1. Give the residue, chosen from Asn432, Asn454, that is away from the ligand (no atom under 16 Å from the Cβ), farther than 18 Å from Tyr121 by Cβ and not β-branched (Val, Ile, Thr).
2. Looking only at residues in segment 76-105 that are assigned to a loop (DSSP other than H, G, I, E, B) and in contact with a strand residue (DSSP E or B) (Cβ under 7 Å, 6 or more places away or on another chain), which one is farthest from the ligand (Cβ to nearest atom)?
3. Given (1) within 14 Å of Ala93 (Cα to Cα); (2) charged (D, E, K, R); (3) surrounded by fewer than 16 Cβ atoms within 10 Å (Cβ to Cβ), identify the lone condition not met by Arg151.
4. Scanning for something in a loop (DSSP other than H, G, I, E, B), at negative phi, touching a strand residue (DSSP E or B) at 6+ places or on another chain (Cβ under 8 Å) and within 13 Å of the ligand (Cβ to nearest atom), does segment 225-232 turn up at least one residue?
5. Six or more apart or on different chains, Cβ atoms under 7 Å: show the pairs whose first residue is in segment 644-658 and β-branched (Val, Ile, Thr) and whose second is surrounded by fewer than 20 Cβ atoms within 10 Å (Cβ to Cβ).
6. Considering only segment 76-135, state which residues are on the phi > 0 side of the Ramachandran plot and hydroxyl-bearing (Ser, Thr, Tyr).
7. Within segment 154-175, can you find the residues that are surrounded by 24 or more Cβ atoms within 10 Å (Cβ to Cβ) and of a type in the set (Val, Ile, Thr)?
8. Could you tell me whether segment 285-305 includes any residue that is in the same structural domain as Ala486 (by TED's automatic domain parsing) and either basic (Lys, Arg) or free of Cβ contacts under 8 Å to residues at least 24 places away in the same chain (or both)?
Amino acid sequence: MTQNIPQEILDSLTKVKMPDKVKSKEVDHVIEISGMDIPIFFTEALVLGSGAAGLRAAVELKRANIDVLVASTGLFSGTSACSGSDKQTLHTAGTSNKGDDFCQLAKDIGGGGCMDQDTAYIEAVGSIKAFAGLQYLGLPLPEDRFGSVLRYQTDHDDVGRATSCGPRTSRLMVKVLCEEAVRLNIPFLKRCEGIQILTKEISGKISACGMLAINKDLDHNKYNLCVILFDSLVLATGGPGELYRDSVYPKFCFGSLGMAIESGIEVCNITESQFGIGTRRTEFPWNLSGTYVQVLPYIYSLDKDGDEHNFLADYFRTTKELVSNVFRKGYQWPFHATRMLDFQSSLVDLAIFVESQKGHTVLMDFNRNPKPIEGLDEFSLNNLDEDVRDYLKNNGALQDLPIDRLTKMNPLAIELYKMHGHDLNEKPLPFNVSNQHMNGGISVDLWNRSSLNNCYAVGEICGTHGVTRPGGSALNAGQVGGMRVAQHIKSKSISKPEEADLKSFEDQIDNSLKLISANLDNKSALKWKDISKEIQDRMSDKAGFICQLDEIEPALIKAKKLSDDIDQKGIVISKDNKVVDYFRWKQTALTSEAILTALNYFVKNGGGSRGARAICSNKGSKIPLSKNGPIKEFSFIEEQEKDKDKKIVLKFKNNEFEITEVPIRSMESPDIIYFEKNWSSFLNNDIFKDNFKHS
Ligand SMILES: Cc1cc2nc3c(=O)[nH]c(=O)nc-3n(C[C@H](O)[C@H](O)[C@H](O)COP(=O)(O)OP(=O)(O)OC[C@H]3O[C@@H](n4cnc5c(N)ncnc54)[C@H](O)[C@@H]3O)c2cc1C
């Protein structure tokens, strides 16, 4: 079957051309420390990271007349620029014919628990402004002829609030935001990675004031080190994408969560991540949600001898049940423990996990319909659950083969893999269940302020999502966060740092220089490749979506030992221009230790299977069933209702983690907020004050 959309349109949505000219920031000053020239940049606000969240923050800051600088490891690296799915989703208040209700939307966003109620409401009301801004900048969101945006249903979304520009919505967001940054003449440091936050005391508060960074475009010193001094810092460095072996993050997504933890910034909900089906990182990491599974490809595995197994047939009771649940993975994409029960869609994830453990490769074939379960009902498009049949029928997708149904429903989904050297018309696609997103992260208040004075966080590094999140709400949260930080920074009195301020940081910079030279070519230090393997294997095997209760504490002990070994022995820096490896892996080891610390605390206090992680144990009261009976080895502990109202917060202090439980923030009812009564609190900037509440 051929698709009816011209190739140039498909190309514009898949081979997205990015702006090629951003303004570079010139060095403001050079100081000498320990005989080394260090270039210095001054700015009012530093945005670290140039994904969709960071660029939104930068554009909003510049529009608010703040002098802003963007520094990023790679201008178009990170998940926004490089990740996606069949229809990468943006989730906002519904703008279709039915409209929406912000209070209900807030409840739905925070429905999985552990999400601050004010943040959920802010993301709900802010979504309209965030969305309209993107439309204004030219994001090609599909509309009907009346201007109503086309919507569909996504994960954790009963209403259908999702929309998409195709497989690369977030890359298109980066494109339009970067074009705007160019128009606004925002300066960039395009190959500049932050490695350490520099702090000093301001009015009795330890405050973020500078960033030690490695800038590959500068050669004032042999390590490419530079320092950026600012009044306000916005961390927008994305998720910790190097933690898991089985991961669908693009490569080199280190982020800066570890750097933040090292600086004593509080983090919350870091036990919570999303896992779901996607193509493997060793090939082309991409989510296999939405139409990829809704067209009902044949899912099977190959063992080491090349023998094929229709393994899902061992789990479901009828062919109709099997294929209908494959379909539902389209909008129930992230794994959820409770959906392993009663023959629901996460039984598919569990079955894939079991196959992978056997060393089998799991594949999706778009040129074959699902094979029936032997001796039971045949596969037929007339033998599907009613919702599944209706969906395919309503979308005109009742063609004979999955590839034809995919061509009809979403030709861009095929185009995307073709672009990356895999023609779905020709060969099956290997895939796995992988880590995709961290729902927790830096703990922030309702203006995205972290616990470190003058330091904000937006996008995936920010721990605003609760245990679950509707698909597409990550991108929305980053946009709303970007707008909020700009508003808050604008409301403060800002002072741009200058040469005189440098003195306070010389010792911190000098200490880092000593650390670097101690690890340079240090033959007795650990190798980053060994560290990376150890961390990623441990996180995937012991803290993945299927997690054995008894294995968490031993994994934590090993993670702690690794951090101690790194402290004592160091990590070898093989060459002057490889200094970044030291910071990346030291901080990733700390992040992994933090997650295991939080997870261990959670389960020790009776925490159960929530979000995308099943805590399996023979003490578990919930047992997934297959058609052959209970799958006892994956019995799991149930989620506890009481855990939904609090967040686990960690702070790294004196080389140890302090753990506290913090109740989720509530908010006053929006029903008491009237225009005349509250107008002055807006005009006087009272709304930005700590502890301000509407009355
Ligand atoms: C396969 C996949 C599919 C997804 N699909 C969806 C979806 O459909 N809907 C949805 O809402 N979300 C989705 N997500 C999640 C979403 O894409 C991310 O949460 C979001 O793009 C993160 O944006 P960000 O701006 O916070 O970070 P990123 O886009 O990751 O950007 C981070 C930036 O920071 C830079 N950086 C990193 N570390 C440093 C440092 N130390 N110093 C300087 N710069 C640094 C990077 O180079 C990059 O420019 C998906 C994620 C994946 C992996």
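1. On the way: Asn432 fails: away from the ligand (no atom under 16 Å from the Cβ).
After ruling out the rest, the residue left standing is Asn454.
2. Ser96
3. Among (1) within 14 Å of Ala93 (Cα to Cα); (2) charged (D, E, K, R); (3) surrounded by fewer than 16 Cβ atoms within 10 Å (Cβ to Cβ), Arg151 violates only (3).
4. Looking for residues that are in a loop (DSSP other than H, G, I, E, B), at negative phi, touching a strand residue (DSSP E or B) at 6+ places or on another chain (Cβ under 8 Å) and within 13 Å of the ligand (Cβ to nearest atom), one finds none in segment 225-232, hence no.
5. Ile648/Tyr601; Ile648/Ile659; Ile648/Glu661; Val649/Thr660; Val649/Val662
6. none
7. Result: Thr154, Thr163, Thr169, Val174.
8. Filtering segment 285-305 down to residues in the same structural domain as Ala486 (by TED's automatic domain parsing) leaves none.
Within segment 285-305, not a single residue is in the same structural domain as Ala486 (by TED's automatic domain parsing) and either basic (Lys, Arg) or free of Cβ contacts under 8 Å to residues at least 24 places away in the same chain (or both).
The values are calculated or read from the model by the stated rules, or taken from the named source; none is laboratory data. Keep in mind the model is a prediction, meaning the values are calculated, not measured. With ideal geometry, Cβ positions are generated from the backbone for all residues, glycine too; neighbour counts draw on all protein chains shown.
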